[in-house]
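Only one structure is covered here, and it is reproduced in the block below.
The values are calculated or read from the model by the stated rules, or taken from the named source; none is laboratory data. These numbers come from a predicted model, not from an experiment. Cβ: placed from backbone, ideal geometry, glycine included. Neighbour counts: every protein chain shown. Note: accessible area is taken over every heavy atom of the protein model, side chains too, but ligands, DNA and RNA are not part of it. Shrake-Rupley method; radii C 1.70, N 1.55, O 1.52, S 1.80 Å.
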Amino acid sequence: MLNRWPAITGQKHVAARRACLGVLEGLKETRDARKAFVEAAKEADILVERDPFG
């Protein structure tokens, strides 16, 4: 997420990066980072909501 993101960095991507770093620093909850990551993946149109192999 920090170095290789398949889309131009958007507002939700930046928020997700901050949330993930906040978890690493002990300032945020993992559920908040997950929610932000999902929103960033939607923004980048890369979210897979179901198992592509199942």
Cβ pairs under 9 Å, 6+ apart, first in segment 35-54 and in contact (Cβ under 8 Å) with a residue 40 or more places away in the chain and closer than 13 Å to Ala7 by Cβ, second part of a loop (DSSP other than H, G, I, E, B) and open to solvent by 90 Å² or more (accessible area, probe 1.4 Å): Ile46/Pro6
Verdict on Asp51 being open to solvent by 50 Å² or more (accessible area, probe 1.4 Å), on the phi > 0 side of the Ramachandran plot and modelled with pLDDT under 95: no
Among residues of segment 34-54, those that are in contact with a helix residue (DSSP H, G or I) (Cβ under 6 Å, 6 or more places away or on another chain) and not in a helix (DSSP H, G or I), counted: 1
Some residue of segment 18-33 being outside any helix (DSSP H, G or I), hydrophobic (A, V, I, L, M, F, W, C) and at pLDDT 95 or above: yes
Selected residue (criterion: least open to solvent (accessible area, probe 1.4 Å)) from residues of segment 1-23 that are closer than 10 Å to Phe37 by Cβ and not small (Gly, Ala, Ser): His13
